[in-house]
Amino acid sequence: MLDKPSSKNTAPSKKLSDLLDQFGAALAANDIEKAVDCFQDDCYWRDLVTFTWNIKTMEGRDQVRDMLKSQLSNTRPSHFAIAKGEDATESGELIEGWISFETEVARGFGHVRLKDGKIWTLLTTMAELKGHEEPAGFARPMGARHGSGKNRPTWKEEREREAAELGFKTQPYTVIIGGGQGGIALGARLRQLGVPTIIIEKNERAGDSWRKRYKSLCLHDPVWYDHLPYIDFPKNWPVFSPKDKIGDWLEMY
Ligand SMILES: Cc1cc2nc3c(=O)[nH]c(=O)nc-3n(C[C@H](O)[C@H](O)[C@H](O)COP(=O)(O)OP(=O)(O)OC[C@H]3O[C@@H](n4cnc5c(N)ncnc54)[C@H](O)[C@@H]3O)c2cc1C
């Protein structure tokens with residue numbers, strides 16, 4: 001399905017777009033005071049990697065100012081806009097919407113809530129590194145190799161060779177300690193980026209950290225909030241799926 005273009009037509013979208021234009025122009029001009037002036041006094045900016053290369057929450061204008069003083073010149077953000085296919089919504093004094101933006105090295109996605117026309121909460125997250133886009137969608141690998149190749153290894157043979165050599169003949173760039181969902185999700189992402197990685201898990205089987213918990217445990221959140229990258233949980237799974245089902249899924253993943 002094609003994304004519908006973002007709209008500046010609705011009144012809340014127009015207000016959010018104007019604020020993003022103002023914020024983006026202040027950042028592009030290195031005018032930190034003007035950028036800080038786009039925020040409420042009582043404001044929260046949570047950044048996942050894009051500006052801070054860390055997970056940080058700036059609380060209040062002073063912390064926003066300090067972070068920008070240290071990071072703005074390296075980050076060089078641009079292209080702040082309402083995300084493609086999204087519209088801002090308005091409820092009472094709040095206007096909110098999903099946004100996209102770029103930095104010098106990455107494309108980002110985020111969310112903003114305005115109160116009285118100024119930023120109350122801002123979330124900025126990194127979606128992908130420029131030049132290291134994941135091979136997915138139209139960029140996915142071809143798989144089949146046409147033409148003849150007598151001794152060409154199959155996918156299975158290549159997988160087996162990789163497993164036999166990684167950590168022995170070829171050394172990983174990254175070692176992840178702990179193969180819970182955080183570790184295996186990170187491992188999956190690194191694989192897509194072509195970074196050789198080994199995950200070390202103290203349990204015998206992946207998923208055991210779920211299996212070994214108390215008997216009646218089910219997910220505490222609905223299953224659709226809990227997807228791992230690339231492979232969503234099946235659509236017919238119970239809302240609060242039981243622990244052993246989750247353990248088996250993590251092992252398969
Ligand atoms: C009862 C309960 C219900 C939950 N329900 C939900 C939910 O519904 N939805 C949701 O999103 N989140 C839920 N969570 C939270 C979620 O489980 C955690 O946020 C998530 O597991 C954290 O992932 P992790 O990989 O960081 O840590 P963990 O899943 O704890 O994984 C850490 C792994 O590291 C291994 N390890 C530890 N030390 C070492 C070592 N020295 N060497 C090798 N391996 C080691 C462990 O065996 C484990 O497998 C729940 C948590 C609990 C406790």
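What number of residues within the range 224-253 are within 19 Å of G183 (Cα to Cα) and part of a helix (DSSP H, G or I)?
Of all residues in the range 224-253, those within 19 Å of G183 (Cα to Cα) come to 225-233, 243-253.
After this cut, where a residue has to be part of a helix (DSSP H, G or I) as well, the list is 225, 243-252.
Within the range 224-253, residues that are within 19 Å of G183 (Cα to Cα) and part of a helix (DSSP H, G or I) number 11.
Report, by residue number, each residue of the range 224-240 that is within 8 Å of the ligand (Cβ to nearest atom) and surrounded by 15 or more Cβ atoms within 10 Å (Cβ to Cβ). Steps first, please.
Here is the first cut: in the range 224-240, the residues within 8 Å of the ligand (Cβ to nearest atom) are 225-226, 240.
Listed by number, the list holds a single entry, D226.
Collect the residues in the range 159-169 that are farther than 20 Å from G143 by Cα and either within 14 Å of the ligand (Cβ to nearest atom) or of a type in the set (A, V, I, L, M, F, W, C) (or both), keeping them in residue-number order. Before the answer, list the steps.
Quick first cut of the range 159-169, residues farther than 20 Å from G143 by Cα only: 164-169.
Result: A164, L166, F168.
So which residues in the range 40-71 are in a strand (DSSP E or B) and over 24 Å from the mean Cα position of the chain (by Cα), if there are any at all?
If we filter the range 40-71 for residues that are in a strand (DSSP E or B), which is where we start, we get 40-48, 55-59.
Matches in the range 40-71: Q40, D41, D42.
Cβ-Cβ below 8 Å, separation at least six or inter-chain, first residue in the range 103-124 and among the hydroxyl-bearing types (S, T, Y), second not in a strand (DSSP E or B): which pairs?
Close Cβ pairs (under 8 Å, with a partner that is not in a strand (DSSP E or B)) amount to T103/T50; T103/F51; T103/T75; T103/R76; T103/P77; T124/T50; T124/F51.
Which numbered condition trips up K115, out of (1) touching a strand residue (DSSP E or B) at 6+ places or on another chain (Cβ under 6 Å); (2) charged (D, E, K, R); (3) within 16 Å of G24 (Cα to Cα)?
(3)
Within the range 170-223, can you find the residues that are within 7 Å of the ligand (Cβ to nearest atom), basic (K, R) and not in a loop (DSSP other than H, G, I, E, B)?
None - no residue of the range 170-223 is within 7 Å of the ligand (Cβ to nearest atom), basic (K, R) and not in a loop (DSSP other than H, G, I, E, B), so the list stays empty.
Values quoted throughout were computed directly from the atomic coordinates according to the rules given, and no laboratory measurement underlies them. Quick caveat: nothing in here was measured; it's all calculated off a predicted structure. Using ideal geometry, Cβ is built from the backbone for each residue, glycine included, and neighbour counts are taken over all protein chains shown.
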